[in-house]
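Colleague: Handing you a structure now.
The values are calculated or read from the model by the stated rules, or taken from the named source; none is laboratory data. As the structure is a prediction and not an experimental result, all values here were calculated from the model. Note that we place each Cβ from the backbone using ideal geometry, even for glycine, and neighbour counts take in every protein chain shown.
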Amino acid sequence: MNNHTLALEITNLTKTYRGKVTALSKIKLHVNEGDFFALLGPNGAGKSTVIGIISSLVKKTEGQIKIFGIDIDDNFERAKSLIGIVPQEINFNQFETVSEIIINQAGYFGIDRETAKARTNDVLKQTQLWDKRDEVSRNLSGGMKRRLMISRALVHKPKLLILDEPTAGVDIEVRRSMWEFLSKLNASGTTIILTTHYLEEAERLCRNIAIIDDGEIVENTSMQALLQKLRNETFVFECATEVKKMPNLPGTEVKQLDSRRFEIAIDNDRNLNQIFKILSDSGIQVESMRNKNNRLEELFLNLVNSNE
Amino acid sequence: MSNNNSENSNNHAVIALQAIVRKEVTRFSRIWMQTIIPPAITMGLYFVLFSTLLGSRIGQMAGFDYIQYIAPGIIMMAIITNSYSNVVSSFFGAKFQRHIEEILVSPVPNYVILLGYVSGGICRGVIVGILVTLVALFFTDLTIHSYSVTFIVVILTSALFSICGLINAIFAQKFDDISIVPTFVLTPLTYLGGVFYSIDLLPEVWRQISLFNPVLYMVNAFRYGILGHSDIQVNYALTMICVFTVLLAFISHELLKRGIGLKT
């Protein structure tokens, strides 16, 4: 155990549906206060079940969950007051206005109406929904609906924000503005747990990560440590001129894509400078270089496939 | 310290309750053409039929003009059906659209959820009751015999049927499920609950069977509050209403606590 305060501590959490289907099997998970934590896994792995249990929408079969040291079995109401949940599915009243939804939510958290109105204005400005405050929520675009759910989850100033695929189905511009917003929020001290299918998102935002598959945690480490596990990475090189013959590149696998482009799979212990030197000595001028796949994506597939 | 915690907790519960009640009242007020006006029109038609068209032929009942005799029952019928349908449709709608999760993920105690939805049902029941009473005044004179009995019966009855609506919504899984109870249980019980007749007119067997109908107690207690006449002992009727209300409130609180129909 480290010296950090734990925002979330899950011990031996098990969920069995109707005594038959095991969705979670004795999982253990620790999230430090202030962390930006990714919970990844394929569809049906158990991510949403974990979030459902933390938020009280799913009943656990056994195990213990503590939110900032508060056991949910002892004082769930106190624990819930520290959490903000952004679910995967739209779950607000489609006939209410944007402001009404957030003010009501503040009321459920015991925030008086005047304070709730002021905070609603603040969060709507932060999430760039201020000009939609009087709009009936069903008229919002998909991205705006997502931002509305984030605004709603923030109105009581939670210490722990849990987002279940918050950027699913939104365009890249909205996604990037959400990343920026969430990074700022995390920098201001809010602990964030994120589930996502966009692995680039997890790599870009999160410091620690757990991968869940088939109801079990198959990896739980720092993003940096996980990425170091990659044995090799594949890069796509684009050359300035046609490449007639590739030089010998020890410790790599080379695949020519066309006359000017080729893929090189490079072991992690190889230095890229060596590769560039050999290419340069052979008269090959590299115009650009990029990762073929997202690095985390490669690892994720490796881990999930090895668990099968 | 513990006093402060308890004070904060109470304060939180009051604010959360206000939020749920405000949301509920806003909901049915927003769609007043569906929720407030139709019962006034339907009950107004009863008054038209039983005052000018049929009432004069039926004559008096228990010493009152027929229209005067049935007016409290019709008002009570409106209160019962509207408090029930308000909660059943609102709570099931919240389940169906999943925005009930807004409350479930919040630190709102179960008794506050229960009180909030029931208060919403009472508000609609009382508003519709007042509206139907105003319509009734176009057809007959009504004076209140006992303000306290009238008030208690209206509040308890609308609370009781709001709780029934909540229980129905908790178990309902599709829209059909929220219309089965009103159609096959609530409507027959209401029509056979002494709204249109005195049970003293029934043969002894049917009179005894009628005593098992809970609506009979509410209609007669309310009639006592308005006209000062009841087919059954008012104290007994009030006791029965209280017992049913407390019992069903306890059951619905247990259902919420266990997350039946709400949590997997």
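Results for (1) closer than 30 Å to A:Lys26 by Cα; (2) surrounded by 13 or more Cβ atoms within 10 Å (Cβ to Cβ); (3) out of contact with any Leu (no Cβ under 8 Å at 6 or more places or on another chain); (4) modelled with pLDDT under 80, shown as yes or no for each residue.
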{"site": "A:Ser222", "(1), (2), (3), (4)": "yes, yes, yes, no"}
{"site": "A:Leu227", "(1), (2), (3), (4)": "yes, yes, no, yes"}
{"site": "A:Glu238", "(1), (2), (3), (4)": "no, yes, yes, no"}
{"site": "A:Arg261", "(1), (2), (3), (4)": "no, yes, yes, no"}
{"site": "A:Val286", "(1), (2), (3), (4)": "no, yes, no, no"}
{"site": "A:Leu296", "(1), (2), (3), (4)": "yes, yes, no, yes"}
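Colleague: Can you find, within the range A:116-142, the residue that is nearest to A:Leu57 (Cα to Cα) among those that are more than 25 Å from the chain's Cα centre (by Cα) and not in a helix (DSSP H, G or I)?
Modeller: Among them, the one singled out is A:Val136.
Colleague: Residue pairs, Cβ under 6 Å, 6 or more apart or interchain, first in the range A:73-87 and closer than 10 Å to B:Val105 by Cβ, second hydroxyl-bearing (Ser, Thr, Tyr). List them.
Modeller: A:Ile85/A:Ser55
Colleague: Among the residues of the range B:88-128, which ones are under 30 Å from B:Leu227 (Cα atoms) and either among the aliphatic types (A, V, I, L, M) or at pLDDT below 95 (or both)?
Modeller: Once the filter is applied, which keeps residues that are under 30 Å from B:Leu227 (Cα atoms) and either among the aliphatic types (A, V, I, L, M) or at pLDDT below 95 (or both), the range B:88-128 yields B:Val118, B:Ile122, B:Val126, B:Ile127, B:Val128.
Colleague: Residue check, B:Ser148 against (1) surrounded by fewer than 19 Cβ atoms within 10 Å (Cβ to Cβ); (2) closer than 28 Å to B:Thr26 by Cα, all met but one. Which one?
Modeller: (2)
Colleague: I'd like to check something: does the range A:168-189 contain any residue that is within 14 Å of chain B (Cβ to nearest Cβ) and touching a residue at least 12 places away in the same chain (Cβ under 8 Å)?
Modeller: No, the range A:168-189 has no match at all.
Colleague: Show me the helices (runs of 4 or more DSSP H) entirely contained within the range B:35-136 in which 3 or more residues are more than 14 Å from chain A (Cβ to nearest Cβ).
Modeller: Output list reads B:37-48, B:55-58, B:66-97, B:110-136.
Colleague: Still on this structure, please answer the following. Between a first residue in the range A:266-284 that is in a loop (DSSP other than H, G, I, E, B) and a second residue that is at pLDDT 85 or above, which pairs have beta carbons less than 7 Å apart while being 6 or more apart in sequence or on different chains?
Modeller: A:Ile284/A:Cys239
Colleague: Assess whether B:Ile163 counts as being surrounded by fewer than 21 Cβ atoms within 10 Å (Cβ to Cβ) and on the phi < 0 side of the Ramachandran plot.
Modeller: No: the conditions fail for B:Ile163.
Colleague: Here is a follow-up. Within the range B:229-264, how many residues turn out to be in contact with a His (Cβ under 9 Å, 6 or more places away or on another chain) and more than 30 Å from B:Ile209 (Cα to Cα)?
Modeller: Number satisfying all stated conditions: 0.
Colleague: Oh, and also: Tell me, yes or no, whether the range B:100-113 has at least one residue that is surrounded by fewer than 16 Cβ atoms within 10 Å (Cβ to Cβ) and closer than 17 Å to B:Ile167 by Cα.
Modeller: Yes: the range B:100-113 contains one or more residues that are surrounded by fewer than 16 Cβ atoms within 10 Å (Cβ to Cβ) and closer than 17 Å to B:Ile167 by Cα.
Colleague: Name the helices (runs of 4 or more DSSP H) wholly within the range B:181-264 that hold at least 3 residues that are surrounded by 15 or more Cβ atoms within 10 Å (Cβ to Cβ)?
Modeller: Result: B:214-227, B:234-258.
Colleague: For residues that are part of a helix (DSSP H, G or I) and either over 29 Å from the mean Cα position of the chain (by Cα) or touching a residue at least 40 places away in the same chain (Cβ under 8 Å) (or both), scanning just the range A:105-115, find the one that is nearest to the other protein chains (Cβ to nearest Cβ).
Modeller: Checking each candidate, the answer is A:Gln105.
Colleague: Here's another thing I want to ask about it. Looking for something surrounded by 22 or more Cβ atoms within 10 Å (Cβ to Cβ), at pLDDT below 95, within 7 Å of chain B (Cβ to nearest Cβ) and over 22 Å from B:Arg30 (Cα atoms) - is there at least one such residue anywhere in the range A:88-104?
Modeller: Checked the range A:88-104: no residue is surrounded by 22 or more Cβ atoms within 10 Å (Cβ to Cβ), at pLDDT below 95, within 7 Å of chain B (Cβ to nearest Cβ) and over 22 Å from B:Arg30 (Cα atoms).
Colleague: Being away from chain B (no Cβ under 12 Å) and under 22 Å from A:Leu194 (Cα atoms) is the requirement here; does A:Thr127 meet it?
Modeller: Yes: the conditions hold for A:Thr127.
Colleague: While we're on this one: Within the range A:70-83, identify whether any single residue is within 19 Å of the chain's Cα centre (by Cα) and either assigned to a strand (DSSP E or B) or surrounded by fewer than 21 Cβ atoms within 10 Å (Cβ to Cβ) (or both), and answer yes or no.
Modeller: Yes - at least one qualifying residue is present in the range A:70-83.
Colleague: When you go through A:Arg152, A:Arg133, A:Arg147 one by one, which is the residue that is more than 8 Å from chain B (Cβ to nearest Cβ) and closer than 19 Å to B:Arg22 by Cα?
Modeller: Going through A:Arg152, A:Arg133, A:Arg147 in turn, the sole match is A:Arg133.
Colleague: (1) closer than 19 Å to A:Asp164 by Cα; (2) more than 9 Å from chain B (Cβ to nearest Cβ): which one isn't true of A:Lys59, the others all being true?
Modeller: Every listed condition holds for A:Lys59 apart from (2).
Colleague: So, in the range B:10-34, how many residues would count as being touching a Cys at 6+ places or on another chain (Cβ under 7 Å) and within 8 Å of chain A (Cβ to nearest Cβ)?
Modeller: 0
Colleague: May I pose another question? Is it true that A:Val218 is under 26 Å from A:Ile103 (Cβ atoms) and more than 15 Å from the chain's Cα centre (by Cα)?
Modeller: no
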